[in-house]
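A quick write-up on the structure given underneath.
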Amino acid sequence: MLLLRLFGLFLMAMAFVAFIVDGVKTIASNTLVMTPLGEIWSDINGASLTRIQTLLSDGAYALLWDPVLLSLLAAPGWLVLAFLGMLVHWLGRRREATSAIANEG
């Protein structure tokens with residue numbers, strides 16, 4: 001569970017960096033700039049994005065690629081990374097200990 005929480009924090013840190021970069025670009029250009037996740041992924045490793053696209057767009061996973069993943073890739077990168085980071089961090093949370101015995105009082 002610790003690894004999930006650490007990975008969630010890593011994703012949230014990446015979201016924060018992407019948010020700051022978009023903020024700096026917004027101030028510099030004097031217009032609102034929100035970099036899509038697909039552009040961030042393409043800048044980091046475009047070959048893997050192309051491989052994922054060819055893998056998912058052909059065959060049975062075409063419905064997953066076109067409406068779902070294309071929408072995510074068009075969304076602001078910092079927003080998607082922050083949401084995924086919070087989700088992964090929540091999945092790795094410590095659960096409360098529950099007792100099987102009910103106290104009647």
Practice prompt. Name the one entry in 85, 92 that is surrounded by 12 or more Cβ atoms within 10 Å (Cβ to Cβ) and within 9 Å of the chain's Cα centre (by Cα).
Written response: 85
Response to the item:
Across (1) under 22 Å from residue 68 (Cα atoms); (2) in contact with an Asp or Glu (Cβ under 7 Å, 6 or more places away or on another chain), residue 46 clears everything bar (2)
Discussion item. Filter the range 17-53 down to the residues that are farther than 20 Å from residue 73 by Cβ and of a type in the set (A, V, I, L, M, F, W, C) and list them by number.
Written reply: 20, 24, 27, 28
Worksheet item: Within the range 43-79, how many residues are closer than 25 Å to residue 26 by Cβ and under 13 Å from the mean Cα position of the chain (by Cα)?
Response: 9
Worksheet item: Which of the residues that make up the range 5-63 are among the hydroxyl-bearing types (Ser, Thr, Tyr) and free of Cβ contacts under 8 Å to residues at least 24 places away in the same chain?
Response: 26, 29, 31, 42, 48, 50, 54, 57, 61
Item to complete: Name the helices (runs of 4 or more DSSP H) wholly inside the chain in which the number of residues that are in contact with a strand residue (DSSP E or B) (Cβ under 6 Å, 6 or more places away or on another chain) is 1 or more.
Response: 70-74
Discussion item. Which count do you get for residues in the range 32-53 that are in contact with a Pro (Cβ under 9 Å, 6 or more places away or on another chain) and loosely packed, with under 14 Cβ neighbours inside 10 Å?
Written reply: 0
Practice prompt. Considering every residue within the range 59-80, establish whether at least one is surrounded by 14 or more Cβ atoms within 10 Å (Cβ to Cβ), β-branched (Val, Ile, Thr), modelled with pLDDT of 90 or more and in contact with a Leu (Cβ under 6 Å, 6 or more places away or on another chain).
Written response: yes
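The values are calculated or read from the model by the stated rules, or taken from the named source; none is laboratory data. For clarity, every value in this text was computed on a predicted model and none was experimentally measured. Methodologically, a virtual Cβ is constructed for each residue, glycine included, from the backbone with ideal geometry; neighbour enumeration extends over all protein chains shown.
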